[in-house]
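Here the structure is laid out as structure tokens; the discussion comes afterwards.
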Ligand code: AMP
């Protein structure tokens, strides 16, 4: 059997942040080269990639040269401008495909897709103006959350509405951006599943992890998560359903709320995910290699977890802890090579493995 993407081929990665960096490291372990396309200078992925193009996403010439130089294209974030993808798709295969991006770029489209698959979501309504917000609040009630349909991440672009009288102000804060209103889910905790689907349709999932957020940013992921066997199976099956529903190729993250009535899907990320970083030290094949294998048309690897683990993000001044962490037994450090520390900026993470 031959491997569809030969060793030595070049993988194009759109986005040069830490996810691109860790994808590039995993790809190089399998003998691939990586070419990163990123508008910002001195990007974390650029330090470990074979080639970097530093150009904005509307630079057609740079995109064309990048597309010609690579054998397959993937990405580390979902908000890639459509025009850039239109241009690139004629030059090299893009995995995960356009449909996964189209659906996950827009909260409304995503929720409707999940509903069509028969999966539970928070109650939601499309909000385009004051009148539709009023109708939405009448149906969903308060407290509820007004979210921009696009470009939200780490809790940005969200306003909680506790009092219907404050709704007009919340809408104004959105500055005219298309939005959805979501009912607040009364969850006990949050978990996520990192799943992978190969080019030939095989699906595999890592164990669900339990996520703790602070100020909208992921703080830690603990594995195993507090889930019953039935919930664990549900989590994995619904992630597989989503991957199959999208005819997905690559790794995706599915964020879930755990409620007494069952699991509710919060969000899909069509890429490797922060809450999957624990796989680097607790599985033979981590999420980054799994993604590279999938987009290269390789068989999926063995993602079984061999040890309990807690992943902690190092955010901003957490970098001051590095000298101590470096001496801590059973702690694996992953630093992103970012030159400047800023509050709220993800600088690295630490995986604490729990020896039995
Ligand atoms: P998101 O950007 O949609 O993932 O939201 C960021 C965080 O806000 C989530 O991880 C939850 O902690 C919280 N959140 C978002 N949507 C809801 C909801 N409908 N009900 C309760 N909490 C939510």
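Here, each number is a calculation from the coordinates, and none is a lab measurement. Nothing here was measured: the structure is a model prediction, and the numbers come from that model. Cβ placement follows ideal geometry from the backbone for every residue including glycine, while neighbour counts extend to all protein chains displayed.
On a 0 to 90 degree scale, rounded to 10, what angle separates helix 130-140 from the longest Cα axis of the chain? Its long axis makes an angle of about 90 degrees. If the label point is 7 Å along Cα→Cβ of residue 189, which residues in region 263-277 have backbone nitrogen under 18 Å from it? So the set is 263-266, 275-277.
If R0 is taken as 35 Å, the Cβ-Cβ distance between residue 128 and residue 41 corresponds to a FRET efficiency of 0.35.
Projecting label points 7 angstrom from Cα along Cα→Cβ for residue 59 and residue 324 puts them 4.2 nm apart.
Annotation: Cα Rg of region 290-356 relative to the compact-globule expectation 2.2 N^0.38 Å equals 1.39. Each of residue 79 and residue 355 was given a label point 7 Å from its Cα along the Cα-to-Cβ line. The distance between the two points is 4.4 nm.
Rounded to two decimals, the Cα radius of gyration of region 145-286 over 2.2 N^0.38 Å is 1.14. Taking the inverse of the mean 1/r over every pair of distinct Cα atoms in region 123-183 gives a Kirkwood hydrodynamic radius of 11.0 Å. With the highest mean first, a sort of the peptides 275-288, 47-60, 164-177, 203-216 on other beta-carbon atoms found within 10 angstrom per residue produces 275-288, 203-216, 47-60, 164-177.
Note that region 185-236 carries a Kirkwood radius of 12.2 Å, evaluated over its alpha carbons pair by pair.
For region 1-97, the spread of Cα positions along the three principal axes, ordered from largest to smallest, is 39, 28, 21 Å.
Normalised by 2.2 N^0.38 Å, with N the number of residues, the alpha-carbon radius of gyration of region 233-343 equals 1.25.
Label reach from residue 308 (point 7 Å along Cα→C-beta): in region 256-279, amide nitrogens under 17 Å belong to 278-279. Helix 60-69 axis versus longest C-alpha principal axis of the chain: approximately 50°, rounded to the nearest ten.
Once the Cβ-Cβ distance between residue 284 and residue 177 is put in as r, and R0 is 41 Å, what FRET efficiency do you end up with, to the nearest 0.05? So the FRET efficiency works out to roughly 0.45.
Residue order for 349, 95, fewest other beta carbons within 10 angstrom first, comes to 95, 349. With each label modelled as a point 7 angstrom along the Cα→C-beta vector, the residue 135-residue 168 pair spans 2.0 nm.
Here is the tail figure for region 93-147: Cα pairs spaced more than 17 Å apart come to 49 percent of all pairs.
Dividing the convex hull volume of the alpha carbon atoms of region 80-228 by its residue count gives 154 Å³ per residue. Relative protection proxy for 327-334, 144-151, from highest mean packing down: 144-151, 327-334 (other beta-carbon atoms within 10 angstrom). For the chain, the longest principal axis of the alpha carbon atoms and the long axis of helix 107-116 meet at an angle near 90°. Within the chain, the proportion of C-alpha pairs whose separation exceeds 38 Å stands at 16%.
You can think of it this way: the chain between residue 237 and residue 219 has 3.9 nm of extra reach, that is 0.36 nm per residue less the Cα-Cα gap. Based on DSSP H segments of at least four residues, each scored -39500 (n - 2.57), the chain has a per-residue ellipticity at 222 nm of -8000 deg cm²/dmol.
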